[in-house]
1. For segment 213-239, name all the residues that are within 24 Å of R165 (Cβ to Cβ) and among the charged types (D, E, K, R).
2. Residue check: is L59 aliphatic (A, V, I, L, M) and assigned to a strand (DSSP E or B)?
3. Got at least one residue in segment 139-152 being out of contact with any strand residue (DSSP E or B) (no Cβ under 7 Å at 6 or more places or on another chain), more than 18 Å from P98 (Cα to Cα) and of a type outside the set (V, I, T)?
4. Could you tell me which residue of segment 4-18 is surrounded by the fewest Cβ atoms within 10 Å (Cβ to Cβ), considering only residues that are charged (D, E, K, R) and in a loop (DSSP other than H, G, I, E, B)?
5. So, in segment 184-209, of the ones that are farther than 14 Å from V268 by Cβ and of a type in the set (A, V, I, L, M, F, W, C), which residue ends up surrounded by the fewest Cβ atoms within 10 Å (Cβ to Cβ)?
Amino acid sequence: MDRHPIVAGRFYDARPERLHAEVDGYLSQAGDRQEESTLLAMVPHAGYVFSGAVCGKTLGAANLAPTVLLLGPNHTGRGERFALWPDGNWIIPGGALPVDTGLAGALLDADPAIKADVSAHTGEHSIEVVLPFLFRLNPETTIVPICISAPTLESLERVGTAIGRALDDFGAPVSIVVSSDMSHYISNEDARKMDGMALEPVMTLEPAVLYDVVRSRHISMCGVLPMTTGLYAAKTMGATHAELMAYSTSGEVSGDFEQVVGYAGVLVS
């Protein structure tokens with residue numbers, strides 16, 4: 001089953017030529033590509049005018065595998081707790097990224113909580129917004145999208161560890177890309193403070209601490225569940241290092257510093 005875009009023309013340009021030029025411009029802001037293989041990248045999913053530069057600086061410096069496991073939050077509340085889109089193509093303006101059915105099958109076998117389910121994805125934008133960047137980096141990229149809404153740390157740890165083992169055993173390199181914005185609709189000063197608290201355990205590769213800090217400090221990081229899962233997977237795959245590639249808030253574009261959203265880009269190797 002193919003998945004058609006739902007936020008083209010709103011979060012990003014629906015005209016292929018303009019979209020490709022815009023994405024290429026953001027990717028060109030990245031520094032040198034990292035030599036080590038990227039096990040996990042975390043990037044934002046807002047409208048490109050706000051978060052495109054952070055996404056471009058991060059993914060442009062990443063050393064991604066040709067196959068990417070995408071983990072995103074579930075803003076709609078629909079579907080399974082770990083909802084995997086199992087086949088077909090994810091269509092974007094001017095192209096499409098096919099689902100790697102072999103990897104999808106391996107992940108469905110990795111843990112019974114991971115279930116084939118398209119309903120969680122049909123109205124969800126968080127993964128879609130990242131795809132034009134992956135397409136411009138490598139139009140031959142294959143993907144497996146998983147939308148995550150499981151609320152308990154135990155389930156995130158179990159499934160994340162199972163995902164890491166499945167990727168290790170897959171027989172071909174796979175990178176993880178997590179889609180997450182940071183704090184929502186607080187002052188610029190508070191967002192930077194709260195986001196710093198959340199990013200600290202990301203930098204030290206401590207998924208349980210990330211989960212606990214976000215929950216206890218009421219940090220509105222929408223992708224904490226997929227990022228916690230992704231960090232468990234990356235650690236299982238041998239991750240030893242994380243680097244903050246970019247950080248900004250929407251206030252830097254809008255001029256409104258009283259109600260901002262934070263955006264962070266992280267690479268884990």
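Read the figures in this text as sums done on the coordinates, not as results from a lab. What you see is a predicted model, and the numbers here were worked out from it, not measured in a lab. Note that each Cβ is placed from the backbone with ideal geometry, even for glycine, and that neighbours are counted across all protein chains shown.
1. K235
2. no
3. Looking for residues that are out of contact with any strand residue (DSSP E or B) (no Cβ under 7 Å at 6 or more places or on another chain), more than 18 Å from P98 (Cα to Cα) and of a type outside the set (V, I, T), one finds at least one in segment 139-152, hence yes.
4. R10
5. Taking segment 184-209 and keeping what is farther than 14 Å from V268 by Cβ, we get 184-198, 200, 208-209.
Imposing the further condition that a residue be of a type in the set (A, V, I, L, M, F, W, C) reduces the set to 186, 191, 194, 197-198, 208-209.
Working: I186: 20, A191: 26, M194: 21, M197: 16, A198: 24, A208: 14, V209: 16.
Ranking the qualifying residues of segment 184-209, first place goes to A208.
Let's see how each residue does on (1) part of a loop (DSSP other than H, G, I, E, B); (2) among the small types (G, A, S):
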{"position": "H20", "(1), (2)": "no, no"}
{"position": "Y26", "(1), (2)": "no, no"}
{"position": "Q34", "(1), (2)": "yes, no"}
{"position": "T38", "(1), (2)": "yes, no"}
{"position": "S51", "(1), (2)": "no, yes"}
{"position": "N63", "(1), (2)": "yes, no"}
{"position": "L71", "(1), (2)": "no, no"}
{"position": "E80", "(1), (2)": "yes, no"}
{"position": "I91", "(1), (2)": "no, no"}
